[in-house]
Amino acid sequence: MLQYIILNPDKTPAEKLSEGGQPLQAIKDFDNVGVLVPEPYIVLDFDTKSDAEIMLRIAQEMDLKCLIMKTTRGYHFWFKSEEPWKNFRKTRLAIGIYADCRSWGKHSYTVVKKDGQWRKWIKLIPGDEIQEVPCWLKPLSANERFSFKGMKDGDGRNQALFEYILIMQSKGYNRDQIRKTLRIINNFVFAEP
């Protein structure tokens, strides 16, 4: 059962998150509403237009089993996670695009109604069908020189990917996880595959 909170116009909570929220019926008439992120979910927020579009294309073409909500600047993607994540902002994920994260277990919330407008779900699936967050969407602190977005032939892509494999191995990625991550970078993040 989802629990909701009243938000101020600047999206900050108007009530204590630690109090556990309220049922939707109690707060649905407020102009600004958030939903508390329940166990076992994490919400990845892509609010840079280009990163949001890349992630939406990946989710659609790979038929990811996640919830997707359209926001004013991008999209929220809801996945399951056995362990809570650290909340983060503007963090580079393994495929080289940036997101914010809100996780269960951290008194986290995400905006679902802003200035009287409910945000639209563009993909809904039953909760028991939502998949675990893929390894290639996990934060991977890597040197900023691996800027895969927009790379074309002649930009040193092969060398960059080779060096990136070493970083991924050092972070505990196995061969299959590395292959899948590189395939996604090639097919969706590079300007030209």
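List of remarks:
- Label-zone membership for the range 172-188, site D153, 7 angstrom Cα→C-beta point, backbone N under 20 Å: 183-188
- Carbon and sulfur %, accessible surface of the chain computed with the full protein complex present, 1.4 Å: 50 percent
- Size-normalised alpha-carbon gyration radius of the chain, reference 2.2 N^0.38 Å: 1.09
- J(HN,Hα) series, the range 10-15, from Karplus relation 6.51 cos²θ - 1.76 cosθ + 1.60, nearest Hz, glycine and proline x: 8, 6, 7, x, 9, 8
- Maximal additional length on extending the I165-R89 stretch stands at 24.9 nm, based on 0.36 nm per residue less the C-alpha distance.
- Eligible lysines near K16 by straight Cα distance, threshold 16 Å, same-chain separation 8 or greater: K106
- Qualifying trypsin sites (Lys or Arg not before Pro) for the range 109-193 [loop in DSSP, other Cβ within 10 Å: at most 11]: K120, R145, K152
- Taking every protein chain into account, the 1.4 Å probe leaves V37 with about 10 Å² of accessible area, to the nearest ten.
- Order of exposure, largest accessible area first, which applies to T72, T91, T110 with probe 1.4 Å: T72, T91, T110
- Tensor-based shape of the range 44-124 (alpha-carbon gyration tensor, a/c under 1.5 rounded, otherwise prolate or oblate): rounded
- Largest accessible area first, the listed residues H107, H76 line up as H107, H76 when surface is computed with a 1.4 Å probe on the assembled protein chains.
- Counting heavy atoms of the protein chains alone, W121 has an accessible area of about 100 Å² for a 1.4 Å probe.
- Counting only protein heavy atoms and a 1.4 Å probe, the chain has 54 square angstrom of accessible area per residue.
The values are calculated or read from the model by the stated rules, or taken from the named source; none is laboratory data. None of these values were measured; they are calculated from a predicted model. Don't worry about glycine lacking a Cβ; one is built from the backbone with ideal geometry, like all the others, and counts go over all protein chains shown. Only protein heavy atoms, including side chains, enter the accessible area calculation; ligands, DNA and RNA are left aside. Shrake-Rupley method; radii C 1.70, N 1.55, O 1.52, S 1.80 Å.
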